[in-house]
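The values are calculated or read from the model by the stated rules, or taken from the named source; none is laboratory data. None of the values given here were measured: they were computed from a predicted structure. Counting neighbours? That spans all protein chains shown, and the Cβs are built from the backbone with ideal geometry, glycine included. Calculation scope for accessible area: heavy atoms of the full protein, side chains included, ligands and nucleic acids excluded. Shrake-Rupley method; radii C 1.70, N 1.55, O 1.52, S 1.80 Å.
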Amino acid sequence: MANDKKMVEDITSMEEDFAKWYTDIVKKAELIEYTSVKGCMVIRPYGYAIWENIQRILDGMFKETGHENVCMPMFIPESLLQKEKDHVEGFAPEVAWVTHGGSEKLEEKLCVRPTSETLFCEHYANIIHSHRDLPKLYNQWVSVVRWEKTTRPFLRSREFLWQEGHTIHATAEEAIAETEKMLNVYADFCEKYLAIPVVKGKKTESDKFAGAVSTYAIEALMHDGKALQAGTSHYFGDGFAKAFGIQYQSKENKLEYPHQTSWGMTTRLIGAIIMTHGDNNGLVLPPAVAPIQAVIIPVAQHKPGVLEKAEEVMAQLKAAGIRVKLDDSNNSAGWKYAEYEMKGVPVRIELGPRDIENNQCVIVTRHNREKTFVSLDNLAETINAKLTEVNEGIYQKALENRENKTYSCKTIDEINAALAEKGDGFIKAMWCGDENCEDKVKELTGAGSRCMPLEQEEISDTCVCCGKKAQHLVYWGKAY
Ligand code: ZN
């Protein structure tokens, strides 16, 4: 028992220090390890398996919506990066450069891709000539590098894994529809598979992607009341096409510029999962992406028949497509309970001699520690039903947290009072559209604009800052 206690005591409680709680979990649940390269981490097998599940589901959703995967080089020549003015200005401060190949100085330095719009544009200029070549719906799964000053595992690292979709279309309407479609794919993915409720919205001018006409995002609220941008989808208009000389011959035999989009989701999602669902016993993983969905813990495993039965149960669950693990190590049952709670395994199955005699087992769901006795008959069906229940349970809990921490405010004083009394959260407040007001709200309250939700409401008819006529409802908040 000393061992079980130690595991739990080793994590800082989230109420005491949320940031420390977070870094404790990423280490204790064996998601990452730090390296000698500052701001770069090893994603360990358990963490990588979560990413693989995210990747598999998302990739399926991309293919279903007609996208194809490609792979671009990881280097971008300086001259190529500089072709689109806003884009290079936005990314230059955090670009890493390659200046030498072996001991020879390169004629032109190469940047390590922070994102690949420029490479896709160069490629599109080569392969697109006619309206028959459009659209191209491409995606790639790669890593990118952004030389961040302050870093945190999964949330902000110098190299991170992501997917970047890049599409090119004949008309603005088609490209805009694609931007919106992918925002919806992202929102569905977060809500259905990660059990994370999100707000779909549009970024303000000052907050949009470098080179974009408009940027859409999904915003989630973490347990501590801070916002996290979980995915973005950008509409580029024909700005990149003009900068890179991409043109096509229309049906009417006219030379036209095509319209583009890009959209991305990253390993940041793992940070979102931790901070949305985790608790003081460790991770709580959504069943869809949990590397282990159910763990079988044999009780009194030295007794005859226990391990045999446990193996039989494991085989049954595996055959039903459940990701299951049997832990028959020599660690105590108590140690195992704490270990798999730390790792966020959604369902624990306890199986001892008495249970076997009664043709039953004990099921404990991780998120609420509810314990039920169930029959060993049709166990796979029972476990699948439990996994659905877990997914719904953690989604509801996250939604409640967001609702409890969303405050409607009409004045700056109301914002400050809400944040002081109730703690960090989403502030819903009206805005006139003036960037000065946006800056001032952040300066006076600490809450920046997160997005203008697609579902607009009218909380009041005047701007929360200047009192002039309001144009948009904005979600404000402190963010990761
Ligand atoms: Zn204003």
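Can you give me the long-range amide H partners of C451? Hydrogens built in the peptide plane at 1.01 Å from N, cutoff under 5 Å, separation of 5 or more residues or another chain.
Under 5 Å from the amide H of C451 lie the amide H atoms of Y475, each far enough along the sequence or on another chain.
Could you put K478, K251, K309 in order of accessible surface area, largest first, with the 1.4 Å probe and the full protein assembly present?
Working: K478 70, K251 160, K309 45 Å².
In descending accessible area the options line up as K251, K478, K309.
Give, in nm to one decimal, the length gained when the segment between A479 and W147 is fully stretched (0.36 nm per residue of separation minus the Cα-Cα distance).
Numbers: separation 332, 0.36 × 332 = 119.52 nm, distance 1.93 nm.
Answer, rounded to one decimal: 117.6 nm.
Cα convex hull of segment 7-277: how many Å³ per residue?
Roughly 139 Å³ of hull volume per residue.
Once both labels are modelled 7 Å past Cα along the beta-carbon direction, what's the A319-E252 spacing in nm?
Result for the modelled spin labels: 6.5 nm.
Using only the alpha-carbon atoms, how far is helix 117-127 inclined from the longest principal axis of the chain? Give it as 0 to 90 degrees, nearest 10.
For helix 117-127, the angle is close to 70 degrees.
If I fit a long axis through the Cα atoms of helix 172-188 and take the longest principal axis of the Cα atoms of the chain, what angle between them do I get, 0 to 90°, rounded to 10?
On a 0 to 90 degree scale, this one is about 20.
Roll a 1.4 Å probe over the protein heavy atoms and report the accessible area of D59 in Å², nearest 10.
About 30 Å², rounded to the nearest 10.
Short version: what are the Cα gyration tensor semi-axes of segment 427-475, square root of 5 times each eigenvalue, largest first, in whole Å?
On the way: eigenvalues 47, 31, 14 Å².
Taking √(5λ) for each Cα gyration eigenvalue gives 15, 12, 8 Å.
Pop a pseudo-label 7 angstrom from the Cα along the beta-carbon direction at both K303 and E381 and give the gap in nm to one decimal.
Between K303 and E381, the label points sit 2.8 nm apart.
Over all distinct Cα pairs, what is the inverse of the mean 1/r for the chain, reported as the Kirkwood hydrodynamic radius in Å? Write down the numbers at each step before the final one.
Details: mean 1/r = 0.0406 Å⁻¹.
Evaluated on the chain, it is 24.7 Å.
Could you give each residue of segment 189-206 its phi-based ³J(HN,Hα) in whole Hz, using Karplus coefficients 6.51, -1.76, 1.60 with θ = phi - 60°, and x for Gly or Pro?
These are the phi-based 3J(HN,Hα) values: 4, 4, 6, 6, 9, 9, 6, 10, x, 10, 9, 8, x, 10, 6, 6, 3, 6 Hz.
At what distance in angstrom do the alpha carbon centres of segment 155-200 and segment 280-320 lie from each other?
35 Å
Can you pull a Stokes-Einstein diffusion coefficient for segment 70-112 at 25 °C (0.890 mPa s), Rh from Kirkwood over Cα pairs, as a whole number of µm²/s? Please report the intermediate quantities before stating the final value.
Values: Rh = 11.2 Å.
Using the Kirkwood radius from Cα pairs, D works out to 219 µm²/s.
Is the shape of segment 98-257 rounded, prolate or oblate, going by the alpha carbon gyration tensor and its root eigenvalues a ≥ b ≥ c, with a/c under 1.5 for rounded and a/b larger than b/c for prolate?
Numbers: a/c = 2.31, a/b = 1.16, b/c = 1.98.
Judged from the Cα gyration tensor, segment 98-257 comes out oblate (a/c at least 1.5, b/c at or above a/b).
What does the helix-only formula give at 222 nm for the chain: each DSSP H stretch with n ≥ 4 adding -39500 (n - 2.57), the total divided by the residues, and the result rounded to the nearest 500 deg cm²/dmol?
Values: 15 runs with 171 residues, N = 480.
Calculated from helices alone, the mean residue ellipticity at 222 nm is -11000 deg cm²/dmol.
Expressed as a whole percentage, what fraction of the accessible surface of segment 406-477 belongs to carbon and sulfur atoms when a 1.4 Å probe is rolled over the protein heavy atoms?
42 percent
From the backbone phi of segment 322-338, what are the Karplus-calculated ³J(HN,Hα) couplings (6.51 cos²θ - 1.76 cosθ + 1.60, θ = phi - 60°) in whole Hz, Gly and Pro given as x?
Values, residue by residue: 8, 7, 10, 10, 9, 9, 9, 5, 7, 5, 5, 4, x, 4, 5, 4, 5 Hz.
Which ³J(HN,Hα) values in Hz, rounded to whole numbers, follow from the phi angles of segment 367-375 under the Karplus curve 6.51 cos²θ - 1.76 cosθ + 1.60, where θ = phi - 60° and Gly and Pro get x?
Result, rounded to whole Hz: 6, 10, 6, 6, 10, 9, 8, 10, 6.
Under 5 Å between amide H atoms, partner at least 5 residues away or on a different chain: which partners does I296 have, H built in plane at 1.01 Å?
Under 5 Å from the amide H of I296: K325, L326, D327, I349.
Report in % the part of the accessible area of segment 7-277 that belongs to carbon and sulfur, leaving out ligands and nucleic acids; probe 1.4 Å. Can you show the working numbers first?
Details: 5580 of 11380 Å².
Whole-percent figure for carbon plus sulfur exposure: 49.
Please work out the ratio of the alpha-carbon Rg of segment 399-480 to 2.2 N^0.38 Å and round it to two decimals.
Details: Rg = 11.5 Å, N = 82, 2.2 N^0.38 = 11.7 Å.
Dividing the Cα Rg of segment 399-480 by 2.2 N^0.38 Å gives 0.98.
If I stretch the segment between D207 and K422 completely, what's the gain in nm (0.36 nm per residue apart, minus their alpha carbon distance), one decimal? Don't jump to the answer; show the numbers that get you there.
Details: separation 215, 0.36 × 215 = 77.40 nm, distance 2.67 nm.
Difference between extended and current length: 74.7 nm.
Could you give the angle, 0 to 90 degrees to the nearest 10, between helix 379-404's Cα long axis and the longest principal axis of the Cα atoms of the chain?
50 degrees
Counting only heavy atoms of the protein chains, get the accessible area per residue of the chain (1.4 Å probe) and round it to a whole Å² value. The partial results should precede the final answer.
Working: 21320 Å² over 480 residues.
Accessible surface, normalised per residue, equals 44 Å².
In Å³ and rounded to a whole number, note down the convex hull volume per residue for the Cα atoms of segment 294-387.
On the way: hull volume 8.0 nm³, N = 94.
Spread over its residues, the Cα hull of segment 294-387 gives 85 Å³ apiece.
How far apart, in nm, are two points set 7 Å out from the Cα along the Cα-to-Cβ line at E104 and at M61?
4.6 nm
Taking H as built 1.01 Å from N, whose amide H comes closer than 5 Å to the amide H of G425, not counting residues under 5 places away?
K478
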